[in-house]
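Scroll down for the structure; my scribbles are underneath it.
Every number here is computed from the coordinates shown, using simple stated rules; none is lab data. Remember, predicted model here, so these are calculated numbers, not experimental data. Here Cβ is always computed from backbone atoms with ideal geometry, including for glycine, and neighbour counts include all displayed protein chains.
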Protein chains: 2
Amino acid sequence: MSDFDVASLSCPLPIEQYPHVLLAHGGGGRLMQQLINQVFLPAFGGAEQVQHDAATLSLGGDRIALTTDSYVVHPLFFPGGDIGSMAVYGTVNDLAMAGAQPQYLTAGFILEEGLPMSILWQVVQSMAAAAKTAGVRIVTGDTKVVDRGKGDGIFINTAGVGVVRGDRTISPSQVQVGDVVLVNGDIGRHGIAIMAVREGLMFETAIESDSAPVAADVLALLDAGIEVHCLRDLTRGGLASALNEIAVAANLGVRLDERAIAVRDDVQGACEILGFDPLYLANEGRFIAIVPSQQAEAALECLGDGAAEIGVVTETSKPPVTMMSEIGSLRTVDLLSGEQLPRIC
Amino acid sequence: MSDFDVASLSCPLPIEQYPHVLLAHGGGGRLMQQLINQVFLPAFGGAEQVQHDAATLSLGGDRIALTTDSYVVHPLFFPGGDIGSMAVYGTVNDLAMAGAQPQYLTAGFILEEGLPMSILWQVVQSMAAAAKTAGVRIVTGDTKVVDRGKGDGIFINTAGVGVVRGDRTISPSQVQVGDVVLVNGDIGRHGIAIMAVREGLMFETAIESDSAPVAADVLALLDAGIEVHCLRDLTRGGLASALNEIAVAANLGVRLDERAIAVRDDVQGACEILGFDPLYLANEGRFIAIVPSQQAEAALECLGDGAAEIGVVTETSKPPVTMMSEIGSLRTVDLLSGEQLPRIC
C-alpha cells in the first residue's frame, strides 16, 4: 500500500542492532539522541536550533520561539501535579529556555475510548488553571479518540509559541570556559513522585513533583541584564543528560560539585531504596542557567531561594562531565544509555 | 492522588448520558461538538477563533495563525498517502483555512514500543517530502515511547504557524445571504481509500486519497482579490459537517445542489456497497470557499480544474443545510450524530 520503495531507502540507523523502537528511544538518553541525530535531523534538518527545547525562528517581523511536547505520563495524577498541568508547564518552560515569553499554546488530545469523562474534565480544568498561572492562553486544539487498547487514557500534545526577549543568542555555542552552572532548586522530586505512586511507596509525607512554570525566573534573569549563555530544563534524563548534551555541543567540559547540588533527604532516601541516581531523575520545574562567573551572584538573586551554583565550565574534557563527590573523589557523569523511568512526562 | 476536589467540580456535560469517551467524541459530528462546546471552550475560552481550523492571533507586530492536529489514522499507509504526509498536509491546510501562509511545523511522535524502525523511517521520509512539497519547515519535535499495547504504532501531532495574508477576517461571521459555496474538487476519496484498505476491498484501480496541500490555492484566491468570507477544509465529518457548523455559526442557511457536487463513480459505487454517504466522508485535500456570487467565476479560475459552485447561502433556515437532489427533491443535510469512520485522520 505504501508509496515508498523501501529498498531504495537507506536508513542510517543501525537497524540490525535496534530493529524495533524501544522504550529507551523516548527516554532522554543515548538511544533518543541517536534517533534524533540519525533519523529526525537528517530528514527535517536545516533548523540549527532543532535539537534544543524550542526552535527560534523569524516570523513576519519578529523573532519567535516554537516548541512542542507530547505528554504520556503514567499515572495521570500524582502528588504535585497531573498530566494537564505538566502539559502546560512543560511547554511553557521549553519556550522560556529559548529566552522567550510564552504566549499561546495549542492542545491536542488523544483519548482512549472508554476514558471516564470525569477524568477528562479534571485534566482540562487543571490545564486551564495552569495556563492562568503561567500567563499563557490555550487558543486552539484537537481531539482524537482511539479504540480501547490502542491508547492509554489520555495523551496530550501541547505546542507553544512566544516572542524571544531581547536579541541574545541562548545556546551551547555561547558557553565559555569559566562560566558557572546555576540550578534553580533541589533535583529529582518529579521522578520520585511518579515512581512512588507507581510502586505504591508511602513516605511520611508525600514527595510532591516540582512541576511548575519557570518562565518568570528566566525573564527575570534577562531583564536584570544577566548575560545568559545557555538554558536547559532538566526533564527526561535529568541534570546529567542536560549537561552532557550541552558540553558535547559546546565542545567544552563541565565540573560539578556534589555538595552544591540540593537533593531533599526524602528524595535521597527513595533513590537509595529504588536504586536511582538523582542526577538522572526527571524534573518538571528545574533548569540550569550557564552565565559568566562574575554575574553568578546577581543571577542567583533573580532565581531566588533554593537556587545554587553547582559547577563550572572547563576546557574540553573526556569524559565531558565530571563531579567532585562529597568525599573529594572525581566521578564520571555519563549520558544515560537507556531510560531510567519510562513515561515520566 | 489528585489535587482536585472532584465533588466541587460540576462538569456541564451530561455525564449520566455519556459517562465515558466514545469513538464518536473524536468523529467530527454532534458528540465532538458537544465536547468542544461544553468542556474545552468553557475551560480555555476567550479565543474567539478557537473552534475553527486555526486560531488567528497577534504575536509581536504580526497577525499569525496557529493550529494543531493529532493524526491517528489507521492503517499508517494507504493509497495516495500515509500518516506522515497527512500530518504535514492536514496542518498546512488548517493554516490555509485561516488565510495564512504556512511557514513552520512542529512534530510530536508518540511511538509504541516494538514499532519496526523501518516504518518510522518511512514515515519520517514522507513527512520530509511533504514539507518540501508544501513549502514549510519542520523545525522542532518531540518523541515519546509508550509500552506495547498502550499505543498503536505511530501517532503524530503537528502544530503549525504562519503569518495571515492581508487583513481580511475569514470566518462564518462574514458569510452573507447570496454568497456562493465553492469546492475545489470531487469529494469522498480519502474516506473510501482508508476504508478499502481496512476492509480489504479491491477495485479495478485503487481509489487514492485526495490528501494534498491546498495553501497555494487559498493564497491564489486572496492574491486575486477575491473577497473570501469563509474557508473550511472537509476533513472529519466531510462536507455536511463543515456546512452545518458554518451555517449554525453564521445563523444562516445553505442550499446545496447535488448535481454540482462531484463524486467519482468508483467512490459512489464503494459508498453504495459500504453504506456510506459521500457528504459525510472525510477528505484531506478538499475545502470550501464561501465568496460573493459576483466573484464566483474569478474564484473558480483560481481553484482550477475540478472546482465547482455547489450551493448558495440563504436566510436562516431549519434545518440549516438542505440539498436539492438530482431528482429535484429537497433533502435535509444534518450534522452527523456519531462517527461514520473512526480513525480516518
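Please work out the FRET efficiency for the pair A:Asp62 and A:Lys318, using the Cβ-Cβ distance as r and a Förster radius of 45 Å; give the result to the nearest 0.05.
Given R0 = 45 Å and the Cβ-Cβ separation, E is 0.65.
Counting Cα-Cα pairs of chain A in 20 Å increments starting at 0 gives whole-percent bin shares of 30, 60, 10, 0.
For the range A:207-345, what is the Kirkwood estimate of the hydrodynamic radius, computed as the reciprocal of the mean inverse distance between distinct Cα atoms, to one decimal in Å? Each step should come with its number before you reach the end.
Numbers: mean 1/r = 0.0633 Å⁻¹.
Across the range A:207-345, the inverse of the average 1/r is 15.8 Å.
Based on the reciprocal of the average 1/r between different C-alpha atoms, the Kirkwood radius for the range A:294-337 equals 12.8 Å.
Sort B:His25, A:His229, B:His190 so the one with the fewest other Cβ atoms within 10 Å of its own Cβ comes first. Please report the intermediate quantities before stating the final value.
Details: B:His25 28, A:His229 23, B:His190 32.
Least crowded to most crowded, the residues run A:His229, B:His25, B:His190.
Which whole-number value in Å³ per residue fits the convex hull of the alpha carbons of the range A:71-225? Before the final figure, lay out each step's value.
Details: hull volume 23.2 nm³, N = 155.
In the range A:71-225, the Cα convex hull volume per residue is 150 Å³.
The Rg/Rh ratio of the protein assembly as shown, with Rg taken over Cα atoms and Rh as the Kirkwood radius over Cα pairs, comes to 0.99. A Cβ-based charge dipole, computed about the Cα centre of the protein assembly as shown with Lys and Arg at +1 and Asp and Glu at -1, lands at about 60 debye.
Exposure proxy check: A:Arg343, A:Arg148 ranked by fewest other beta carbons within 10 Å? List each step's numbers first, then the result.
On the way: A:Arg343 21, A:Arg148 13.
With the sparsest Cβ surroundings first, the list reads A:Arg148, A:Arg343.
For B:Ile15 and B:Arg198, what does the FRET efficiency come to when R0 = 30 Å and r is the distance between their Cβ atoms, rounded to the nearest 0.05? Spell out each step's value before the answer.
On the way: r = 32 Å, r/R0 = 1.06.
Given R0 = 30 Å and the Cβ-Cβ separation, E is 0.40.
Taking each of A:Lys318/B:Lys144; A:Lys144/B:Lys150; A:Lys144/B:Lys132 in turn, the alpha-carbon distance tops 19 angstrom for A:Lys318/B:Lys144; A:Lys144/B:Lys132. Counting beta carbons within 10 Å around each of A:Met195, B:Met202 and listing the fewest first gives the order B:Met202, A:Met195. By the equivalent-ellipsoid construction on the alpha carbon gyration tensor, the range A:79-141 comes out with semi-axes of 23, 12, 10 Å, ordered largest to smallest. Using DSSP H assignments, which helices in chain B have an axial alpha-carbon span of 24 Å or above and a mean Kyte-Doolittle hydropathy of -1.0 or higher? Taking the DSSP H segments of chain B (at least 24 Å long, mean hydropathy at least -1.0), we get B:117-134.
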